[in-house]
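Q: Please find one structure pasted underneath; my questions will follow.
The values are calculated or read from the model by the stated rules, or taken from the named source; none is laboratory data. Every value quoted in this text rests on a predicted model; they were computed, and no experiment measured them. Heads up, the Cβs are rebuilt from the backbone with ideal geometry, glycines too, and the neighbour counts pull from every protein chain shown. The area values use the complete protein model at the heavy-atom level, side chains included, leaving out ligands, DNA and RNA. Shrake-Rupley method; radii C 1.70, N 1.55, O 1.52, S 1.80 Å.
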Amino acid sequence: MAVKTCLMIGASGMAGGWIERMTQQLGDRIQIVGLVDVNEEVLSAQGAKLGLVADQLFADYREACAKVQADFCGIATPPQFHSPQAITALEAGMPVICEKPIADTLEAAKAMAAKAEETGLPCAIIQNYRYAPNKQEVVRIREEGRLGRLQHIFGRYACDYRQYKSWGKEWRHDMDFSLLFEGSVHHFDMMRFLAGGDCEVLQGFGWNPAWSSFKHYSSGFYLMRMDNGVHTAYEGNSSAAGITSCWHREYYRLEFEEGTVEIGAGDEVRIYRVEQEVEVYAAPTMEWAGHDYLFKEFVDWLEGGKASATRIEDNLQSFALVIAAMETTMDGQPKRIADYL
Ligand SMILES: NC(=O)c1ccc[n+]([C@@H]2O[C@H](COP(=O)([O-])OP(=O)(O)OC[C@H]3O[C@@H](n4cnc5c(N)ncnc54)[C@H](O)[C@@H]3O)[C@@H](O)[C@H]2O)c1
């Protein structure tokens with residue numbers, strides 16, 4: 001297994017986490033050979049940590065893509081930069097792995113997917129929550145038919161972000177539909193993953209409570225009908241004040257033919273059957289989880305392994321749900337997802 005070189009766009013925030021993982025857990029598979037960030041201080045501090053010299057550090061991704069010949073490009077900048085940066089990297093011949101959401105608009109996301117298709121280069125999107133022991137166990141329960149058929153799923157995300165900037169950065173509190181673009185994209189993707197189907201129709205509501213720290217809607221309810229007959233209901237709340245189900249602790253309840261499965265914080269899986277003791281057990285551990293799983297899956301793909309499950313062609317389905325949710329929030333009408341793809 002040869003080490004894959006990486007041009008990394010973004011150096012702090014989530015990108016700082018990427019750099020840590022790539023150099024620690026995946027240090028024998030990935031080597032960062034170029035770094036881009038618009039923040040000079042962050043760029044020089046991270047560059048020094050990585051042992052990079054001046055001509056490997058860039059403020060402008062276009063210059064970096066023209067000068068650095070890496071085996072792939074990693075992108076962990078705010079959403080509106082993903083598509084232009086990915087397109088530039090793909091045009092320079094570099095496969096791309098990029099943070100969610102794919103982009104800030106449907107047009108930008110489709111342009112990125114079209115460039116991946118045109119160049120034939122791998123392009124994967126991060127959906128780290130799929131790769132958690134409890135989520136993987138629920139999918140095994142469904143696939144193996146341990147509780148018969150699945151009828152519907154309830155999902156709940158609730159974070160106490162009532163203080164401005166409590167969700168990391170100002171931009172997350174200032175942008176339109178941050179619940180959907182920054183939060184629900186994970187949960188909509190999870191509904192597809194847990195249900196084992198793609199969404200046919202989505203409908204819902206969004207609102208901003210008076211005490212919200214967000215300029216736009218922090219909360220919403222969204223319903224989906226999937227193409228395999230499974231229905232889903234989702235509660236999203238970035239202004240939670242009581243029972244929280246925040247990152248890595250989101251609550252999912254799946255109603256099967258022969259029982260109910262419940263997951264939330266930790267690896268515990270609870271199975272309820274009418275008039276029986278609740279079955280509680282820890283989901284089997286995973287050797288690779290979260291971002292590490294996705295980075296490993298991606299470099300394996302570059303070496304001829306199977307394509308990432310969350311490659312852009314597939315993940316457009318999850319991103320379309322964000323756009324459809326935004327539109328149903330505005331006009332109250334059900335949205336057919338096929339119309340967005
Ligand atoms: N998968 C997850 O669990 C998860 C969690 C948090 C954030 N994210 C995603 O990560 C991405 C980044 O979020 P964040 O909170 O780290 O953002 P951020 O504002 O902290 O930015 C990340 C880095 O990108 C740099 N940057 C900004 N604009 C740039 C540009 N045009 N060119 C080069 N560098 C630029 C910033 O200076 C910063 O160092 C978003 O898409 C977000 O949705 C994912």
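Q: By residue number, which cysteines of the chain lack any other Cys whose Cβ falls under 4.7 Å from their Cβ?
A: Cys6, Cys65, Cys73, Cys98, Cys123, Cys199
Q: Here is a further query. What does the charge count around Arg249 come to, taking other residues whose C-beta lies under 15 Å from its C-beta (Lys +1, Arg +1, Asp -1, Glu -1)?
A: -2
Q: Could you put Thr260, Thr119 in order of accessible surface area, largest first, with the 1.4 Å probe and the full protein assembly present?
A: Sorted by accessible area, descending: Thr119, Thr260.
Q: Return the percentage of antiparallel bridges among DSSP beta bridges fully within the chain, rounded to the nearest 5 %.
A: 60
Q: What does the C-alpha gyration tensor say about the overall shape of the stretch 259-341? Classify as rounded when a/c is under 1.5, otherwise prolate if a/b is larger than b/c, or oblate.
A: Oblate is the answer for the stretch 259-341, as a/c is 1.5 or above yet b/c matches or exceeds a/b.
Q: Could you sort Lys100, Lys165 by their accessible area in this structure, using a 1.4 Å probe and putting the largest first?
A: Lys165, Lys100
Q: When a/c is below 1.5 the answer is rounded, else prolate if a/b is larger than b/c, else oblate, so apply that to the stretch 4-121 with a ≥ b ≥ c taken from the square roots of the Cα gyration tensor eigenvalues.
A: It is prolate, given that a/c is not under 1.5 and a/b is the larger ratio.
Q: Separate question: Residue farthest toward the positive end of the dipole of the stretch 4-121, with Cβ of Lys/Arg at +1 and Asp/Glu at -1: which of Leu121, Phe58, Ser12?
A: Farthest towards the positive pole: Leu121.
Q: By the gyration tensor of its Cα atoms, with a ≥ b ≥ c the square roots of the eigenvalues, what is the shape of the stretch 101-221: rounded for a/c under 1.5, prolate for a/b over b/c, or oblate?
A: The shape class here is oblate.
Q: With just the Cα atoms defining each centre, how far is the stretch 211-281 from the stretch 152-197? Give it in Å.
A: 13
Q: Using the Cα atoms as the points, what is the convex hull volume per residue of the chain in Å³?
A: About 137 Å³ per residue, rounded to a whole number.
Q: On the protein heavy atoms, probe 1.4 angstrom, tell me the percent of accessible surface of the stretch 55-193 carried by carbon and sulfur.
A: 47
Q: Nearest 20 debye, what's the magnitude of the dipole of the stretch 89-164 about its Cα centre given +1 on Lys and Arg Cβ and -1 on Asp and Glu Cβ?
A: Charge dipole, the stretch 89-164, about its Cα centre: 540 debye, nearest 20.
Q: Shifting gears a bit: Using protein chains only and a probe of 1.4 angstrom, how many square angstrom of Glu40 are accessible, to the nearest 10?
A: Only protein atoms counted, so the area is about 150 Å².
Q: Reachable aspartates and glutamates from Lys49, Cα under 15 Å, same-chain residues fewer than 8 places away excluded?
A: Glu20, Asp37, Glu40, Glu41
Q: Moving to a separate point now. Among Ala132, Ala109, Met94, pick out the residue whose Cα is farthest towards the positive end of the charge dipole of the stretch 91-132, where Lys and Arg carry +1 and Asp and Glu carry -1 on C-beta, about the Cα centre.
A: Of the listed residues, the answer is Ala132.
Q: On to the next question. Run the quick spin-label model on Glu268 and Lys169: label points 7 Å from Cα toward the beta carbon, then report their separation in nm to one decimal.
A: Here the modelled spin labels are 3.6 nm apart.
Q: Before anything else, pin down the relative contact order of the chain: Cα pairs under 8 Å, at least 6 apart, normalised by residue count, whole percent.
A: Relative contact order, the chain: 18 percent.
Q: Right, another one. If you put +1 on each Lys and Arg Cβ and -1 on each Asp and Glu Cβ, how big is the dipole of the stretch 3-120 around its Cα centre, in Debye rounded to 20?
A: 280
Q: List the extent of the Cα atoms of the stretch 45-181 along each of their three principal axes, largest first, rounded to whole Å.
A: Cα spread of the stretch 45-181 along its principal axes, largest to smallest: 57, 42, 34 Å.
Q: I would also like to ask the following. Nothing charged except the Cβ atoms of Lys and Arg (+1) and of Asp and Glu (-1): what's the magnitude of the dipole of the chain about its Cα centre? Round to the nearest 20 debye.
A: With Lys and Arg at +1 and Asp and Glu at -1, about 240 debye.
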